[in-house]
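Participant: This structure is in structure tokens; I'll ask about it shortly.
The values are calculated or read from the model by the stated rules, or taken from the named source; none is laboratory data. None of the values given here were measured: they were computed from a predicted structure. For neighbour counting, all protein chains shown are included, and Cβ atoms are generated from backbone atoms with ideal geometry for every residue, glycine included.
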């Protein structure tokens with residue numbers, strides 16, 4: 001079983017290294033269609049790691065975090081971000097990469113939801129052009145836990161009761177329980 005999962009991860013990495021992958025986030029966490037241009041994510045191979053490109057609407061809500069652009073910023077999820085998670089579903093180890101249009105980032109390694117390595121370095125640039133932003137990050141291969149077999153990406157923006165949580169792979173409407181909200 002472990003060998004099969006390792007082979008699946010190797011196949012996943014091989015596909016990324018050869019072709020790259022492109023996705024669009026078109027729904028909220030609860031499967032409601034977004035009302036803006038979808039957020040586009042591209043994952044492309046590089047010798048040093050996985051290149052993650054974000055092309056997204058710029059909401060500027062909430063405003064920029066107080067951290068320095070190009071630096072890690074703890075609790076970045078409280079601001080406008082696009083984030084991707086890379087999970088080994090057997091060990092529950094995962095890599096979380098958060099990118100902000102204002103240039104801050106946050107990279108965490110977690111085990112079953114608890115961060116054991118925080119604020120890893122990341123090559124990341126973001127540029128805002130009117131109502132759009134583009135971000136490019138290079139995620140070193142060694143940051144990925146062995147045996148990654150699942151991935152999801154999210155976009156978060158808005159403030160207070162207007163906070164919006166979008167998901168690449170959302171929860172189907174029929175599976176949502178009464179009173180359930182986004183998994184924060």
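Participant: From (1) surrounded by 14 or more Cβ atoms within 10 Å (Cβ to Cβ); (2) modelled with pLDDT under 90; (3) in contact with a strand residue (DSSP E or B) (Cβ under 9 Å, 6 or more places away or on another chain), pick out the condition that doesn't hold for residue 171.
Facilitator: Among (1) surrounded by 14 or more Cβ atoms within 10 Å (Cβ to Cβ); (2) modelled with pLDDT under 90; (3) in contact with a strand residue (DSSP E or B) (Cβ under 9 Å, 6 or more places away or on another chain), the lone unmet condition for residue 171 is (3).
Participant: If you go through the range 110-146 one residue at a time, how many are surrounded by fewer than 17 Cβ atoms within 10 Å (Cβ to Cβ), modelled with pLDDT under 95 and assigned to a strand (DSSP E or B)?
Facilitator: Within the range 110-146, residues that are surrounded by fewer than 17 Cβ atoms within 10 Å (Cβ to Cβ), modelled with pLDDT under 95 and assigned to a strand (DSSP E or B) number 5.
Participant: Among the residues of the range 14-24, are any at pLDDT 95 or above and in a loop (DSSP other than H, G, I, E, B)?
Facilitator: Scanning the range 14-24 turns up no residue that is at pLDDT 95 or above and in a loop (DSSP other than H, G, I, E, B).
Participant: Kindly indicate which of 152, 127 is closer than 24 Å to residue 26 by Cα and free of Cβ contacts under 8 Å to residues at least 12 places away in the same chain.
Facilitator: 127
Participant: Which residues, counting only those in the range 66-78, are in contact (Cβ under 8 Å) with a residue 60 or more places away in the chain and under 19 Å from residue 136 (Cβ atoms)?
Facilitator: The answer is none; no residue qualifies.
Yes/no per residue for (1) part of a loop (DSSP other than H, G, I, E, B); (2) exposed (fewer than 15 other Cβ atoms within 10 Å of the Cβ):
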| position | (1), (2) |
| --- | --- |
| 35 | yes, yes |
| 40 | no, no |
| 44 | no, no |
| 54 | no, no |
| 59 | yes, no |
| 63 | yes, yes |
| 68 | yes, yes |
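Participant: On the given criteria, is residue 177 free of Cβ contacts under 8 Å to residues at least 12 places away in the same chain and at negative phi?
Facilitator: Taking the combined requirement at face value, the residue satisfies it.
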